[in-house]
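Structure first, commentary second.
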Amino acid sequence: MTVRLGLPDLGFGVGLRPQHYAHILAERPAIDWFEIISENYMDSQGRPRQVLEQIAERYPIVMHGVSLSIGSTDPLNLEYLARLKRLAEWTRAVWVSDHVCWTGVNGINGHDLLPLPYNEESLKHVVERIRFVQEFLERPLVLENPSSYVTFADSTMSEWEFISRMAEDADCGLLLDVNNVFVTCFNHDLDPVEFLRGLPHERVVQFHLAGHTHCGTHIIDTHDHPVIDEVWKLYRFARELTGGVSTLLEWDASIPPFEVLHAEVLKARDLAGWTAASQRERNFNVAEFRNLPQAGRMNVPQPAVHVLAEVE
Amino acid sequence: MMSDSRSLTTLQRWMQQVVTHPAGIAAGIESEEARREILLDSDRIEQVIGRSRSLDSISRLAVYGNAYIARLTECLAEDFPALSHALGDETFLSFAMSYLQEHPSRNYSLVELGRNFPRYLADHRPDDIPAPGWPDFLIDLARVERLYCEVFDGPGVEGQTLLSVEELQSVPPGSIGQLRLIPVPCLHLVELQFPVHEYLSAVRRGEAPEIPAPEPTWLVITRREFVVRRGAVSQPEFLLLKALQEGASLEDAIAAAAEATSLDDETLAARLFGWFQHWTRAGWFLRAILPES
């Protein structure tokens, strides 16, 4: 078992989504671990919390947030951090992650993962805030490279240089989203291999894999398709560079049955040379979900995960 | 090229103004609020945002602008499916966008996004349409759909022992009037001008119901086994429940309900047993308390 920042390799997991609650509770699938969207459970006193309690009894849980807003120039929300910490203790979260981004200023949350200009001012700002959050949470923070759609004239370094210096200076972990590397590099005419080579591989504690939507001129990180072949190749390369770490598949829109997700993440296990997937697990054809109809729905970049009320 | 005077704070305030502007990116860049942060015409945008080989800077920013509107209006449509159905997609989108301009999200959770939507609709109710009219139907719908969200994820009593009929029957007859009933924390009482609960349920079943005629409606919304439940009650029943919820003793609550309705004490008393049976079976009360003598 590889240990980075004291964090274990959990194997191959998927994002926990409300659409799969009943299946997971009834079938207890042989999945290694689940990642939850922290904000969907922090304040819940209803079904989401009750389901999470049962799932956390059986599976390792990692918390993945979308509202920490580590790059915002607004003050950090201490109430949010306190709730995050309580949830991490309650779920015995193996680690807590969020994104290298900002979600709003002037007290507003746009619920998007907005990119930072990569320069000395942003770096100093983010590093100070990561240090504070790590002290507050009393655990290392793990931060993910977001998909991005703009670059700033104010940037003075590459994203991988920014992330590398940030991780070293703040002594935090990295969540390497391989699909985000592909999306960002396509959108900014960059080389994803150079991006991957430029990261501090020993600080990567987790991979994310997901599908996206290609719009011709740009790619949007929609999490509504299977992982494409090019991203699988990058994933294999990232495993070589890092030695392999916990891997998580995200699927957040046009969500297919759980078995489809499970089969998709088992591809990662095969690539990693772990035990081959069982025949039963392979009976689900992920390709069928490649072109699901998108009637009436725009291509919305993640995060867009929202729990709906169950009404009699 | 980095501007010496442009801080991260300035850039973030500018970008937020631009990508959340209801008229689009170019209008956002030209807006007074954005120009207060960075004085820039939209044709000089590359001084702030770079272009890619295949996409210009405005189009790149539009990915965030479109996503802001799409994500949040989609979230509101999911929380208010019957309101969305009643208005139609286009009108709902227009209402939702105006709402977001007036009440942008200030919370880390999307659960809170629609909290002020019913109030927003009430604040903007057209004055020239007599009540109860279609605006009141929409406001009633929004109130109930928002309550569904709050009750679903709010405090509940799953796993707790609730008040039973037997427990009530064991109270000495001489003391029953002083009894105070403690409602479950998920019990909500709502007075409406339209029977929106049936409309709501039909929409959730995938049907296309007609907008109902106005009719005074008293609704009880609660949660059992993590699922939101709702039921209509009569006006006297509602008033009695309301008084009990506000902490009145049983005899005071009965008197208040009788006074506010045409029912005399005797008729009311005759119906009480059936009501209490229904309420306790439905799990509306946590326990009964007798004040210490």
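Scanning segment A:206-261 for residues that are among the hydrophobic types (A, V, I, L, M, F, W, C), open to solvent by 10 Å² or more (accessible area, probe 1.4 Å) and part of a loop (DSSP other than H, G, I, E, B) yields a count of 3. Against the criterion of being more than 7 Å from every other protein chain (Cβ to nearest Cβ), assigned to a helix (DSSP H, G or I) and in contact with a helix residue (DSSP H, G or I) (Cβ under 7 Å, 6 or more places away or on another chain), B:A27 does not qualify. Check whether at least one residue in segment A:118-130 is farther than 23 Å from A:H218 by Cβ and in contact (Cβ under 8 Å) with a residue 60 or more places away in the chain, and report yes or no. Yes: one or more hits. Taking segment B:137-156 as the range and being part of a loop (DSSP other than H, G, I, E, B) and surrounded by 19 or more Cβ atoms within 10 Å (Cβ to Cβ) as the test, only B:G156 passes. Residues in segment B:96-117 that are over 18 Å from B:S84 (Cβ atoms), open to solvent by less than 50 Å² (accessible area, probe 1.4 Å) and free of Cβ contacts under 8 Å to residues at least 60 places away in the same chain: B:S105, B:N107, B:Y108, B:S109.
Contact annotation: residue pairs with Cβ atoms under 6 Å, 6 or more positions apart or on different chains, pairing a residue in segment A:168-188 that is under 29 Å from A:E135 (Cα atoms) and away from chain B (no Cβ under 14 Å) with a partner that is modelled with pLDDT under 95 and open to solvent by 10 Å² or more (accessible area, probe 1.4 Å), are A:G173/A:L5.
Of the residues in segment A:98-109, not one is more than 30 Å from B:I45 (Cβ to Cβ) and more than 13 Å from chain B (Cβ to nearest Cβ). Here B:L8 clears all of (1) more than 24 Å from A:G107 (Cβ to Cβ); (2) crowded, with 16+ Cβ neighbours inside 10 Å except the condition numbered (1). Filtered by the rule that a residue be among the hydrophobic types (A, V, I, L, M, F, W, C) and more than 14 Å from chain A (Cβ to nearest Cβ), segment B:211-234 gives B:I211, B:A213, B:W218, B:V233. Of the candidates A:A56, A:A30, the single residue that is part of a loop (DSSP other than H, G, I, E, B) and either among the small types (G, A, S) or buried (at least 19 other Cβ atoms within 10 Å of the Cβ) (or both) is A:A30. Within segment A:55-81, the residues that satisfy the criterion of being more than 18 Å from the chain's Cα centre (by Cα) and under 22 Å from A:D112 (Cα atoms) are A:S72, A:T73, A:D74, A:P75, A:L76, A:N77, A:L78, A:E79, A:Y80, A:L81. Based on what the data block shows, is A:V66 part of a loop (DSSP other than H, G, I, E, B), in contact (Cβ under 8 Å) with a residue 60 or more places away in the chain and within 18 Å of A:H99 (Cβ to Cβ)? Here the answer is yes, as A:V66 does meet what is asked. For B:R44, state whether it is within 11 Å of chain A (Cβ to nearest Cβ), loosely packed, with under 15 Cβ neighbours inside 10 Å and either part of a helix (DSSP H, G or I) or at pLDDT below 95 (or both). It is true that B:R44 is within 11 Å of chain A (Cβ to nearest Cβ), loosely packed, with under 15 Cβ neighbours inside 10 Å and either part of a helix (DSSP H, G or I) or at pLDDT below 95 (or both). All of B:R271, B:R230 fail the test of being basic (K, R), in contact with a helix residue (DSSP H, G or I) (Cβ under 8 Å, 6 or more places away or on another chain) and crowded, with 18+ Cβ neighbours inside 10 Å, apart from B:R230.
Within segment B:48-62, the set of residues being without any contact (Cβ under 8 Å) to a residue 12 or more places away in the chain and within 7 Å of another protein chain (Cβ to nearest Cβ) comprises B:G50, B:S52, B:R53, B:S54, B:L55, B:R60.
Each residue in segment B:242-293 was checked for being modelled with pLDDT of 85 or more and of a type in the set (S, T, N, Q), and 4 pass.
Screening B:A122, B:A208 for residues that are away from chain A (no Cβ under 13 Å) and touching a residue at least 24 places away in the same chain (Cβ under 8 Å) leaves exactly one candidate, B:A208. Is one or more of the residues making up segment A:4-12 free of Cβ contacts under 8 Å to residues at least 60 places away in the same chain and more than 15 Å from the chain's Cα centre (by Cα)? No, every residue in segment A:4-12 fails to be free of Cβ contacts under 8 Å to residues at least 60 places away in the same chain and more than 15 Å from the chain's Cα centre (by Cα). Within segment B:56-87, the set of residues being open to solvent by less than 20 Å² (accessible area, probe 1.4 Å) and in a loop (DSSP other than H, G, I, E, B) comprises B:F80 only. When each of B:T161, B:T91 is tested for being modelled with pLDDT of 95 or more, of a type outside the set (G, A, S), more than 26 Å from B:G283 (Cβ to Cβ) and open to solvent by 50 Å² or more (accessible area, probe 1.4 Å), the lone residue that passes is B:T91.
Taking the criterion of being within 21 Å of A:S72 (Cα to Cα) and either more than 7 Å from every other protein chain (Cβ to nearest Cβ) or among the charged types (D, E, K, R) (or both), the residues of segment B:63-100 that qualify are B:G65, B:I69, B:R71, B:L100. Annotation: of all residues in segment A:59-75 being under 21 Å from A:N106 (Cβ atoms) and not aliphatic (A, V, I, L, M), the one that is surrounded by the fewest Cβ atoms within 10 Å (Cβ to Cβ) is A:P75.
Being within 10 Å of chain B (Cβ to nearest Cβ), open to solvent by 50 Å² or more (accessible area, probe 1.4 Å) and of a type outside the set (D, E), is that true of even one residue in segment A:16-26? Among the residues of segment A:16-26, not one is within 10 Å of chain B (Cβ to nearest Cβ), open to solvent by 50 Å² or more (accessible area, probe 1.4 Å) and of a type outside the set (D, E), which makes the answer no.
The values are calculated or read from the model by the stated rules, or taken from the named source; none is laboratory data. Note that this is a predicted model, so its numbers are computed, not measured. Virtual Cβ from ideal backbone geometry, glycine too; neighbours counted across all protein chains shown. Surface areas here come from the heavy atoms of the whole protein model, side chains and all, with no ligands, DNA or RNA. Shrake-Rupley method; radii C 1.70, N 1.55, O 1.52, S 1.80 Å.
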